[in-house]
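Structure, as structure tokens:
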Amino acid sequence: MEQPELFSLTNVTVRRRHSTVLNEVSLRITAGRCTALLGPSGSGKTTLLRLLTRLEEPDRGHITVDGTRLDDLDVLALRRRIQFIAQQPTLLTDTVLDELRVATPRISESSAAEVLEKAALPPETFLHRSTTGLSGGEAQRLCLARGLTLHPDALLLDEPTSALDDTSADAIAATVRRFTATGGSVVLVSHDNRIVDRLADEVFILDNGHVAGPSRTTEIEFPRSES
């Protein structure tokens with residue numbers, strides 16, 4: 001049976017000064033799967049993720065989620081439902097538990113421990129730890145755990161394994177697999193072809209403002225940097 005559509009982009013264009021980041025991009029992202037976005041630096045991958053939660057707005061074209069235009073939805077409700085986990089993490093509190101309670105104020109310590117486990121942060125070490133001194137990878141995983149407390153429909157992950165060792169990267173991959181296995185949707189930006197090959201059901205290639213795909217071909221190498 002054909003999977004339902006989650007996001008639809010129609011003729012989406014994003015310009016910055018004298019350059020065009022996305023040029024008349026049209027694509028469909030399927031619900032309940034992991035969709036990967038690949039491409040060289042500056043190809044618009046992160047911009048596309050930001051568009052899906054209205055952190056940026058297109059200059060032309062429109063985007064829908066479940067058939068409803070994003071600009072017809074309450075933006076805060078949209079961002080609770082569609083969690084964007086940025087490559088550069090932003091932490092707002094002094095302790096790990098308080099950080100989870102930014103998203104879900106009434107979360108219990110036992111539930112907090114469970115979500116930390118999902119994000120490869122052992123709760124016996126991290127639950128009451130100060131956020132000061134967390135490594136970049138730990139802070140990124142804490143942002144993922146914070147998003148998971150909201151039980152979102154979709155995760156938008158920007159280079160989720162870029163600062164992780166193999167063990168932690170494997171734990172994040174397992175989290176993504178569990179999330180999609182229970183009906184969640186993931187849109188993944190990554191230069192780690194090993195992770196993409198393991199997780200992605202569909203792959204889109206962005207380059208020079210245009211998009212190709214979907215495909216299952218990930219044997220393509222791009223310079224490793226932010227987009």
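The values are calculated or read from the model by the stated rules, or taken from the named source; none is laboratory data. Owing to the predicted nature of the structure, the values given are computational and were not obtained by experimental measurement. Using ideal geometry, Cβ is built from the backbone for each residue, glycine included, and neighbour counts are taken over all protein chains shown.
Scan region 110-121 and report the pairs whose first residue is free of Cβ contacts under 8 Å to residues at least 24 places away in the same chain and whose second residue is not small (G, A, S), with Cβ atoms within less than 7 Å and a gap of 6+ or a chain change.
A113/P123; A113/L127; E117/P123
Each row is one residue, and each column tells you yes or no for (1) more than 19 Å from L157 (Cβ to Cβ); (2) assigned to a strand (DSSP E or B); (3) out of contact with any helix residue (DSSP H, G or I) (no Cβ under 8 Å at 6 or more places or on another chain).
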site: T10; (1), (2), (3): yes, yes, yes
site: V14; (1), (2), (3): yes, yes, no
site: V21; (1), (2), (3): yes, yes, no
site: V25; (1), (2), (3): yes, yes, no
site: L37; (1), (2), (3): no, yes, no
site: S43; (1), (2), (3): no, no, yes
site: T47; (1), (2), (3): no, no, yes
site: R54; (1), (2), (3): no, no, no
site: E57; (1), (2), (3): yes, no, no
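Would you please name the residue that is modelled with the highest pLDDT, looking only at residues in region 153-186 that are β-branched (V, I, T) and farther than 17 Å from Q88 by Cα?
We begin by selecting, within region 153-186, every residue β-branched (V, I, T); these are 161, 167, 172, 175-176, 180, 182, 186.
Now restrict to residues that are farther than 17 Å from Q88 by Cα: 167, 175-176, 180, 182, 186.
Values: T167: 79, T175: 88, V176: 91, T180: 94, T182: 92, V186: 97.
So, considering only residues that are β-branched (V, I, T) and farther than 17 Å from Q88 by Cα, the one modelled with the highest pLDDT is V186.
Would you pick out the residues in region 36-62 that are without any contact (Cβ under 8 Å) to a residue 60 or more places away in the chain and basic (K, R)?
Start the filter on region 36-62 by keeping residues that are without any contact (Cβ under 8 Å) to a residue 60 or more places away in the chain, which leaves 50-51, 54-62.
Listed by number, the residues that qualify are R50, R54, R60.
Tell me, please, whether a residue that is at pLDDT below 90 and touching an Asp or Glu at 6+ places or on another chain (Cβ under 6 Å) can be found in region 216-225.
yes
Report yes if L148 is crowded, with 18+ Cβ neighbours inside 10 Å, touching a helix residue (DSSP H, G or I) at 6+ places or on another chain (Cβ under 7 Å), touching a residue at least 60 places away in the same chain (Cβ under 8 Å) and more than 29 Å from L22 (Cα to Cα), otherwise no. Show your work before the answer.
Values: crowded, with 18+ Cβ neighbours inside 10 Å: yes; touching a helix residue (DSSP H, G or I) at 6+ places or on another chain (Cβ under 7 Å): yes; touching a residue at least 60 places away in the same chain (Cβ under 8 Å): yes; more than 29 Å from L22 (Cα to Cα): yes.
For L148, the condition - crowded, with 18+ Cβ neighbours inside 10 Å, touching a helix residue (DSSP H, G or I) at 6+ places or on another chain (Cβ under 7 Å), touching a residue at least 60 places away in the same chain (Cβ under 8 Å) and more than 29 Å from L22 (Cα to Cα) - is met.
Yes or no: region 69-78 includes at least one residue that is at positive phi and either in contact with a strand residue (DSSP E or B) (Cβ under 7 Å, 6 or more places away or on another chain) or free of Cβ contacts under 8 Å to residues at least 12 places away in the same chain (or both).
No, region 69-78 contains no residue that is at positive phi and either in contact with a strand residue (DSSP E or B) (Cβ under 7 Å, 6 or more places away or on another chain) or free of Cβ contacts under 8 Å to residues at least 12 places away in the same chain (or both).
Among the residues of region 4-42, how many are farther than 20 Å from V176 by Cβ and in contact with a His (Cβ under 9 Å, 6 or more places away or on another chain)?
Total satisfying the criteria: 9.
Go through L70, L134 for me and flag whichever is modelled with pLDDT under 95, surrounded by 12 or more Cβ atoms within 10 Å (Cβ to Cβ) and not β-branched (V, I, T).
L134 is the lone residue from the list that is modelled with pLDDT under 95, surrounded by 12 or more Cβ atoms within 10 Å (Cβ to Cβ) and not β-branched (V, I, T).
Does V25 fit the bill of being aliphatic (A, V, I, L, M), out of contact with any Asp or Glu (no Cβ under 8 Å at 6 or more places or on another chain), within 30 Å of R129 (Cα to Cα) and touching a residue at least 12 places away in the same chain (Cβ under 8 Å)?
No, not satisfied.
Within region 99-113, count every residue that is part of a helix (DSSP H, G or I), surrounded by fewer than 15 Cβ atoms within 10 Å (Cβ to Cβ) and of a type outside the set (S, T, Y).
Of the residues in region 99-113, 2 are part of a helix (DSSP H, G or I), surrounded by fewer than 15 Cβ atoms within 10 Å (Cβ to Cβ) and of a type outside the set (S, T, Y).
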